[in-house]
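Trainee: This structure is in structure tokens; I'll ask about it shortly.
The values are calculated or read from the model by the stated rules, or taken from the named source; none is laboratory data. Note that the structure is predicted; figures quoted are calculated from it, not measured. Virtual Cβ from ideal backbone geometry, glycine too; neighbours counted across all protein chains shown. In case anyone asks, the SASA skips ligands and DNA or RNA and just uses the protein heavy atoms, side chains included. Shrake-Rupley method; radii C 1.70, N 1.55, O 1.52, S 1.80 Å.
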Amino acid sequence: MSITTGDFRAKITASTLLERKQRQEIITCLTAYDYAGARLVDEAGIDIVLVGDSLAQVMLGYENTLPVTMHEMLHHTRAVRRGVKRAFLVADMPFASYHVSQRESLRNAARFIKDAGAEAVKIEGGEKRARLVQRIVEAEIPVVGHIGLTPQSVHAMGGYKVQGKTLAAVEQLMHDAIALERAGACCIVLEGIPREVASMITHELEIPTIGIGAGPECDGQVLVYHDLLGLTFAPPAKFVRQYADVGTVISNALTAFKNDVKSGAYPADAESYHLPKETLSALQTIAERKHAVQL
Ligand code: KIV
């Protein structure tokens, strides 16, 4: 066992997140979908790794999050599990995996923990999901809530629109947040809502809020890995801060490889394997003998 210095390498759990809020220490969260990405996120010291169903768009090329399946989410969660040591690992329950019956929802939630190694599941929706959240928590599975702009409701919302703009909508969001907290959620993602509303909810709740497009007063912030790195093919949303242009770096590298192969510049002699001297001289002797016989 190794001794860690400070709490930088200490394992993050659902209780750590609550303590962070109590100590007013900000929580960081990023999505990851594969082993390499998960390792980089975890080793950067990010607190929560979310295998988001945004996987549907950024990894699998679907138009929205609705088509992604349990099978696909489990497959990617397993890969992420192998790359994460310290962060709290949360998996998104995909659309229709928790909408049909409580029994099926519980079984699906348990698969993320038992078969894929997640430490919590995330479920979209507020008050109307509270009973289900309570049942999943009773089954010893931590649950992360998600309210505001919930991408799985894209058709019901009539598009990806900022939520919580009217008084009634603000009241409903507050009810949603409180219902999830009472149901036992360990934290709540607030997506696409006015900063002022996110701030009110954050102050009202004892559990942490993690914002995305919800302003700076949340207890933590989350971004999609591909958005932060500049690996997407569409213009980013207003709230996205792109920290690198990895798409251009990759694209330039791929073009350079193609050009080097076509021109013969790759591989160079230094990038080639060589025969041992004795084998080479034996081959040369054989070739010389053959040549002499032919003459
Ligand atoms: O799927 C996802 O990536 C998410 C985050 C944006 C919160 O739910």
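Trainee: By how many nm would the segment from L275 to N252 lengthen if fully extended, with 0.36 nm per residue of separation less the alpha-carbon distance?
Mentor: 4.9 nm
Trainee: Now a separate question. By how many degrees, between 0 and 90 and to the nearest 10, does the Cα long axis of helix 70-83 differ from the longest principal axis of the chain?
Mentor: It works out to around 70 degrees.
Trainee: One-quarter of the Cα convex hull surface for the range 104-223, in nm²?
Mentor: On the way: hull surface 29.1 nm².
The Cα convex hull of the range 104-223, projected and averaged over all directions, gives 7.3 nm².
Trainee: Same structure, new question: Using a Förster radius of 41 Å, what is the FRET efficiency between L283 and Y35 based on their Cβ-Cβ separation? Nearest 0.05, please.
Mentor: 0.45
Trainee: For the chain, report the accessible area per residue in Å² (1.4 Å probe, heavy atoms, rounded to an integer).
Mentor: Heavy-atom SASA per residue in the chain reads 56 Å².
Trainee: Could you name the aspartates and glutamates whose alpha carbon sits less than 20 Å from that of K258, not counting residues in the same chain fewer than 8 places away?
Mentor: Hits, sequence-local ones excluded: D269, E271.
Trainee: Which length gain, in nm to one decimal place, applies between Q24 and Q294 when the Cα-Cα distance is subtracted from 0.36 nm times their residue separation?
Mentor: Stretched fully, the Q24-Q294 segment lengthens by 88.5 nm.
Trainee: Report, in cubic angstrom per residue, the convex hull volume of the C-alpha atoms of the range 36-176.
Mentor: 119
Trainee: Another question about this same structure. Quantify how much of the Cα-Cα distance distribution of the range 1-113 extends past 21 Å, in percent.
Mentor: 43
Trainee: Normalising by the residue count of the chain, find the relative contact order in percent from Cα pairs under 8 Å and 6+ residues apart.
Mentor: Relative contact order comes out at 14 percent.
Trainee: How compact and how long is the chain, expressed as Rg and Dmax of its alpha-carbon atoms in Å?
Mentor: 25.3, 99
Trainee: Here's something else I'd like to know. Taking Cα atoms, how many degrees apart are the long axis of helix 277-294 and the longest axis of the chain, rounded to 10 and kept between 0 and 90?
Mentor: Once rounded, the angle reads 50 degrees.
Trainee: In whole Å, what three semi-axes, largest first, describe the equivalent ellipsoid of the range 161-236 built from its Cα gyration tensor (square root of 5 times each eigenvalue)?
Mentor: 24, 15, 10
Trainee: Kindly work out what percent of the DSSP beta bridges joining two residues of the range 40-145 are antiparallel, to the nearest 5.
Mentor: 0
Trainee: Just for the range 14-248, what percent of DSSP beta bridges are antiparallel, to the closest 5?
Mentor: 5
Trainee: Also: For the range 199-269, taking Cα atoms only, what is the radius of gyration to one decimal and the Dmax to the nearest whole Å?
Mentor: 20.2, 66
Trainee: Right, another one. In degrees, nearest 10, range 0 to 90: what is the angle between the Cα axis of helix 167-183 and the longest Cα principal axis of the chain?
Mentor: Approximately 80 degrees, to the nearest ten.
Trainee: Near K165, which lysines are there with a Cα under 27 Å away, not counting those fewer than 8 places off in the same chain?
Mentor: Once the sequence-local lysines are set aside, what remains near K165 is K21, K122, K128, K238.
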